[in-house]
Amino acid sequence: MRFLVFALLLLVSPTLFAQQDSLPPVKEVDSINKTETVVPRDSVRAKKPNFRIPERARPEKDTVPITDYKIISYYRDTTFVDTTLTIKKEYKYNYIREDDFELMPFSNIGQPYNVLGRTFSKNTLYPQIGAVAKHANYFEIEDIDYYNVPTPMTELMFKTTLEQGQLLDALLAFNFSKRFNVSVAYKGFRSLGKYRFDQSQSGNFRTSFNYSNEKGNYNIRGHIAAQDIEAEENGGLLNRDQFEDTETNDFTDRSRIDVRYTNANNRILGKRYYLDQELKLFRSKDTTKTRLTSLAIGHEFGYETKFYDFTQSAQNDAFGLDPFVTPIEDRARLKTMLNRGFIQFSNKTLGNIKGWASLYNYNYFFNSILITDEGTIQNQLKGEEIALGGSYSKNFGRLSLKGDINYNVSGDLGGSFFNASVDYDLNENNIISAGIHVSSRMPNFNYLLYQSDYRNFNWQNTDTFDKQEIQSIRFGFNSKKLGHLQAEYSALDNYTYFQSIATQEQIEASQETAFVKPFQHTETINHLRVKYAKDFKWRRWTLSNTILYQEVTQDEQVLNLPQLVTRNSLYFSKDIFKKAMFLQTGVTFKYFTSYNMNAYNPLLGEFYIQNREEFGAYPLMDLFINAKVRQTRIYLKAEHLNSIFSKPNYYSAPNYPYRDFVIRFGLVWNFFS
């Protein structure tokens, strides 16, 4: 099925070449962070199609500015297709297609990411299924984009992986008319990995559409997502001495290293249907055709089913000595449905005011009720949550205000949140911002209820766990000359986490993961983070710097993070071959201080805290050579170059090494027709 979807995308993809003209640069605006980036303005030479297109959908000119190829986010922020080559594109050219500065990947692509930095001001209203470590590549509702394009546009992203596999993300966006746009995308991936039984693979299918009527007073958008993320689990190294051996070189071939087990798999499977529509009841404009007042009603609907599986063909002591049955076949299921109705009033003087009411139905369940000597563990958490909320935004010249609130009036698991932010433009080069966040909700479902064929992984905490409460305040300063500074202070109450209660004897017997349990910390935890980014340029050279400082105040060690994370890139940029190619090459250095790095439990798909040993304080150095030819960006990277001559003490989690030196390449190619 995956190859069929990919073949279909290739067949319908335009095969025409694009042409780049010399047009004035434009500014790319980030409405969330209030930042502007000056980028070259490309244009696309669109060839006349062989088939008939409705007049309203056909561009008036053969040359279409690339700014007409618009990308609309879930929050209705609009950007355009960007074919430039920048250092930020280099940072995002990875498996999750996001900047992974605050993440530490495992040895194989597609495996979990350990967390180096935390931000608590972003939180969902309702609990999730759990298995957080397996969701790095899962597209949530907020991750789906919608497109408005004058002609068909295709983007192909390709990158090599580790042994017998590739990563491909293909997107096709087109229109049936000027007001009806559709996108189809598929992200397929497979990587065998360097270690035994470490293969991972995934498939993410997404299709979205958006439509508005001729009057412009009604619009609807929606998407369908079907995702399958699967990985083999080996439990990490059985003997670290084999990995850290530098004398005999017997284990430079990592497939010879012994791992803890070779018969376990976990999997995330999800399907989602989403629909969002809005009808403007009336609109008034002045003589300059500036919209003064409007009133709209709308409805948002989402239905999602999600499964998390852990299977093992035979019992292993790493998870317990006496399972109920074998083979192990654990499955957690979650079905959710959201209905939200809203009314929105917009006025030039009063601002934008929106109010809503929502009904959220959930059903988290396992196959059967478990009766043990300690008590009965139910197999289901089912109910509905009713919430009321609203939002407000207004621009007062250089001052921008924004806020939203949501309160759960009925239900046991949902909570509330309140966000408020203010941005002030000091001048065209400097912006200051501030905000607060307050939220309260129950922990994820796998903290509250879990069942497994292994005896130790069965619990129910619905009566003992309270809602997690977060209070955050943040400040930001964005200056074109001085850099970008972000600071956030958070106070956490009832922080929930996983921890192993294994004894030292059990740890030495490689049974630590068998005794991982959920806990809730009743005391307040204080977390401070300060992040600063600044580029220094000299002629064709640029030094790009990002620094993250974190400080945690707590009675017990339950929130473990490195105090300092830094990334520095020194690179050279130049047009070559009579400006036919733009070249960018340099080196990236990443470092974080040592700390009690969280350990990984494959059965739960979660990280759990450990306070026995520290990891970190080693550099990660990458060498890259990137180039752009027309609308194609070409990437070549030598990852973890310093591992060739450094001591093998680099770990992503206890017993899970980071990858060795490897050369990978790929490209991102945009087609326009």
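The values are calculated or read from the model by the stated rules, or taken from the named source; none is laboratory data. The shown structure was predicted, so the numbers you read here are calculated from the model rather than taken from an experiment. As a convention, Cβ positions derive from the backbone with ideal geometry for all residues, glycine included, and neighbour counts pool all protein chains shown. Surface accessibility is based on the protein's heavy atoms, side chains included, excluding ligands, DNA and RNA. Shrake-Rupley method; radii C 1.70, N 1.55, O 1.52, S 1.80 Å.
Quick one: in segment 88-114, which of the residues that are touching a residue at least 12 places away in the same chain (Cβ under 8 Å) and over 19 Å from HIS640 (Cβ atoms) is least open to solvent (accessible area, probe 1.4 Å)? Going through the qualifying residues, I end up with LYS89.
If you go through segment 539-581 and pick out every residue that is under 20 Å from ARG612 (Cα atoms), touching a Ser or Thr at 6+ places or on another chain (Cβ under 8 Å) and surrounded by 17 or more Cβ atoms within 10 Å (Cβ to Cβ), you end up with 1. Counting just the residues of segment 308-340 that are among the polar types (S, T, N, Q), part of a strand (DSSP E or B) and touching a Phe, Trp or Tyr at 6+ places or on another chain (Cβ under 7 Å), which one comes out surrounded by the fewest Cβ atoms within 10 Å (Cβ to Cβ)? Applying the filter and picking the extreme gives ASN339.
Between ILE371, ILE343, ILE377, the distinction of being within 30 Å of SER510 (Cα to Cα) and either in contact (Cβ under 8 Å) with a residue 60 or more places away in the chain or surrounded by 15 or more Cβ atoms within 10 Å (Cβ to Cβ) (or both) belongs to ILE377 only. Evaluate segment 263-283: report whether one residue or more is in a loop (DSSP other than H, G, I, E, B) and of a type outside the set (Phe, Trp, Tyr). Yes; the residues of segment 263-283 include at least one that is in a loop (DSSP other than H, G, I, E, B) and of a type outside the set (Phe, Trp, Tyr). Here GLN584 passes the criteria (1) open to solvent by 20 Å² or more (accessible area, probe 1.4 Å); (2) at pLDDT 95 or above except the one numbered (1). Within segment 454-479, being open to solvent by less than 30 Å² (accessible area, probe 1.4 Å) and assigned to a loop (DSSP other than H, G, I, E, B) holds for TYR454, PHE457, ASN458, ASN461, PHE465. Against the conditions (1) part of a loop (DSSP other than H, G, I, E, B); (2) closer than 30 Å to ILE328 by Cα; (3) open to solvent by 60 Å² or more (accessible area, probe 1.4 Å), ASP198 satisfies every one except (3). For TYR608, the test of being in a strand (DSSP E or B), more than 21 Å from TYR93 (Cα to Cα) and touching a strand residue (DSSP E or B) at 6+ places or on another chain (Cβ under 7 Å) is passed. For segment 503-542, a tally of residues being assigned to a helix (DSSP H, G or I), more than 28 Å from the chain's Cα centre (by Cα) and of a type in the set (Val, Ile, Thr) returns 1. The requirement of being part of a loop (DSSP other than H, G, I, E, B) and among the small types (Gly, Ala, Ser) is fulfilled somewhere in segment 156-168, by at least one residue. Applying the criterion of being assigned to a loop (DSSP other than H, G, I, E, B) and small (Gly, Ala, Ser) to the residues of segment 115-143, the residue that is most open to solvent (accessible area, probe 1.4 Å) is ALA136.
From the residues in segment 629-673 that are open to solvent by less than 20 Å² (accessible area, probe 1.4 Å) and charged (D, E, K, R), which one is nearest to ALA318 (Cα to Cα)? So the residue we want is GLU639. For segment 430-447, the condition holds for no residue, the condition being that it is out of contact with any helix residue (DSSP H, G or I) (no Cβ under 7 Å at 6 or more places or on another chain), surrounded by fewer than 19 Cβ atoms within 10 Å (Cβ to Cβ), of a type in the set (Lys, Arg) and in a strand (DSSP E or B). The C-beta contact set for segment 154-176 (first residue over 15 Å from VAL81 (Cβ atoms), second residue of a type in the set (D, E, K, R) and part of a strand (DSSP E or B), distance under 6 angstrom, 6+ apart or interchain) comprises THR160/ARG664; GLY165/ARG190; LEU167/LYS159.
The residue that is modelled with the lowest pLDDT, counting only those in segment 346-368 that are surrounded by fewer than 17 Cβ atoms within 10 Å (Cβ to Cβ) and polar (S, T, N, Q), is THR349. Within segment 283-322, the set of residues being in contact with a strand residue (DSSP E or B) (Cβ under 7 Å, 6 or more places away or on another chain), modelled with pLDDT of 85 or more, of a type in the set (D, E, K, R) and farther than 18 Å from ASN266 by Cβ comprises GLU300, GLU304.
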